[in-house]
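Rule-based calculations on the coordinates, nothing more; no lab input. Source: prediction; values computed, not measured. Don't worry about glycine lacking a Cβ; one is built from the backbone with ideal geometry, like all the others, and counts go over all protein chains shown.
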Amino acid sequence: MLRLASSVLLSLSLASSALAAEQQSAVDQWCNALGKRLRSVTEETCNQQAFRPAEVKTAKDNALMLRDVPPAVKRISQSGKPQDKSARILVIGGIHGDELTSAALVFRWLQWVDEPEPARYHWRLIPVANPDGLLASPPTRVNANGVDLNRNFPTPDWVRDAHDYWSGRTKSDPRRFPGKEANSEVETQWINEEIEHFDPDVIVSIHAPYGILDYDGPAKEPNRFGRLNLNRLGIYPGSLGNYGGVYKNVPVITIELPHASSMPPTKEQRAIWLDMLRWIKRHIVPRAIS
C-alpha cells in the first residue's frame, strides 16, 4: 500500500512538473514574440512577470496570457477584523491587435502595481487580448477569423442589432465585423469567463488612438485621467463597455491613448495611472466579505 501511495505521489509530481514546464515554454514563446513586436517591451522584461497561460489558444495557436496580482495588504477595521475585501480590477489591453500602445501600457503598469496604493487592490491584467491580430504582419484590428473582438461580446442587443449596425453604420467595414454569432471567438469566450470567475469591481480597457477617456457603468464617471478628457462615445452592440458597464453593471473605464504605435511620455503614462488610482479609491467600493 505504501509503495502504491508513493508511486501515485511520484506520478502526480511528474505530471505537475511537466505541466509547469509546458506553461513556462508557452510563456517563453509568447514573450519572445512580443519582444520582437513591441518597441517598449523586451523579452526579458516580459519573462520577469508571472504570466499564466489560459487553457485555450487562439486560431493561430497563440497563447492567451494573464497575470494575477493579489493585494499585498488587507483592509483591517478598528476591531482588528477584515473590513471588506479588496477591490478587484480587471485590466485588458490589445483587444484590437493594431493598437500596440494599448498592450505596452499594461506592461508599464505591471512595473507599478507593487507600489503602496495599487498594492491595496487585487489586479488581474491581460496585456494582449488579441495576440493573433497583434502578431500578424502587419498587425490587424481583428483576430485571425476577421472578427472585431470589441463587437463580439454577448450583449442582449447583439442578435437584434449587431449585423444591422455593422452593415448600416459602418458600411460593412471588415475591420468592425462583429462575427457570425455573439461570443463566437475563443478570445471573447475567455475574457467572458475571466469576468465571471474574477468578478471585478471595475474593468479597465485600453485602446488607441482617439486620445480620450470613455466610461460606461454605475459609478460616478471620471472627468479626466492625465491629459485624457472624458468624451462618452456611446455603446455598440457587442462592445465590452456595453457588456460590462450596461449588461453586467460593472464600471468600465476605456482609456484611448493618443497614438496606436507611439507611447505617450512616461510622465503622461504616470499621470493617467495616478488619476485612475485616485478615481478608484474615491468611487469604487469593494463588496463586503460574506
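What does the highest-first list of 55-61, 118-124 look like by mean Cβ count within 10 Å?
Values: 55-61: 13.1, 118-124: 20.4.
In decreasing order of mean packing, 55-61, 118-124 become 118-124, 55-61.
Counting other beta carbons within 10 Å of each Cβ, put Ser102, Ser184 in order, fewest first. If you can, show how the numbers build up before the last one.
Working: Ser102 28, Ser184 14.
Listed from fewest to most nearby Cβ atoms, that is Ser184, Ser102.
Between Leu274 and His259, what is the spin-label point distance in nm, taking each point 7 Å from the Cα along the Cα→C-beta axis?
Simple spin-label model gives 2.3 nm for this pair.
Once R0 is set to 41 Å, what does the formula 1/(1 + (r/R0)^6) return for the Cβ-Cβ distance between Thr266 and Leu233, expressed as a FRET efficiency to the nearest 0.05? Let's see the in-between values first.
Numbers: r = 27 Å, r/R0 = 0.66.
Using R0 = 41 Å, I get an efficiency of 0.95.
Return the whole-Å distance between the Cα centroid of segment 45-60 and the Cα centroid of segment 98-171.
With segment 45-60 and segment 98-171 each reduced to a Cα centre, they are spaced 15 Å.
Under 12 Å from the Cβ of Leu34, count the other residues' Cβ atoms, weight Lys and Arg +1, Asp and Glu -1, and hand me the total.
Numbers: positive: Lys36, Arg37, Arg39; negative: Asp28, Glu43, Glu44.
The answer is 0.
Which of the three applies to segment 133-290, rounded, prolate or oblate, going by the alpha-carbon gyration tensor with a ≥ b ≥ c and a/c under 1.5 meaning rounded?
Details: a/c = 1.78, a/b = 1.26, b/c = 1.42.
Because a/c hits 1.5 or more and a/b fails to exceed b/c, segment 133-290 counts as oblate.
Per residue of segment 152-160, in order, report the coupling 6.51 cos²θ - 1.76 cosθ + 1.60 (Karplus, θ = phi - 60°) as ³J(HN,Hα) in whole Hz, putting x for Gly and Pro.
Listing the rounded values in order: 10, 6, x, 6, x, 8, 4, 4, 6 Hz.
What FRET efficiency comes out for Glu55 versus Gln24 if R0 is 22 angstrom and r is the Cβ-Cβ distance? Round to the nearest 0.05.
Numbers: r = 15 Å, r/R0 = 0.70.
Calculated transfer efficiency: 0.90.
Output wanted: per-residue J couplings in Hz (rounded whole) for segment 47-57, from phi through Karplus 6.51 cos²θ - 1.76 cosθ + 1.60, θ = phi - 60°, x for Gly and Pro.
Computed from phi, the couplings for segment 47-57 are 5, 6, 8, 8, 6, 10, x, 6, 6, 9, 10 Hz.
Hey, can you grab everything whose amide H is under 5 Å from the amide H of His207? Only 5+ residues off in sequence or another chain; H modelled, so Pro and N-termini drop out.
Ile255, Glu256, Leu257
Full extension from Asn47 to Asn32: what is 0.36 nm times the residue separation minus their Cα-Cα distance, to one decimal in nm? Intermediate results must be reported in sequence, preceding the final value.
On the way: separation 15, 0.36 × 15 = 5.40 nm, distance 0.87 nm.
Additional length available on full extension: 4.5 nm.
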